[in-house]
Amino acid sequence: MTETVLDIQSSTSPRAGARTSIKATAYQALKAKILTSVFSAGEFIDDTAEAAALEMSKTPVREALLLLEA
């Protein structure tokens, strides 16, 4: 369901699409880390460290974390 939300958001405007693509990348990377138990249940995820690891700003990482939290 969340992937569908990302697909819809990326088609709203060219400018939003570029940013959503980065958010989608962050979402997929964080989701993979959660599903492969890189992060433990209840573990704090440092958005600054994850942004640095993904070579992007903190904003798309924070937005991805909010989607995953829902």
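Each value in this text was obtained by applying a stated rule to the coordinates, not by laboratory testing. Because the structure is a prediction, the values reported are computed rather than measured. Here the Cβ is made from the backbone with ideal geometry for all residues, glycine too, and neighbour counts use every protein chain on show.
Of the peptides 29-41, 57-69, the ranking by mean beta-carbon count within 10 Å, highest at the top, reads 57-69, 29-41.
For segment 55-70, 3J(HN,Hα) computed residue by residue from phi via the Karplus equation (6.51, -1.76, 1.60; θ = phi - 60°) reads 6, 8, 6, 6, 4, x, 5, 4, 5, 5, 5, 5, 5, 6, 6, 5 Hz, glycine and proline entered as x.
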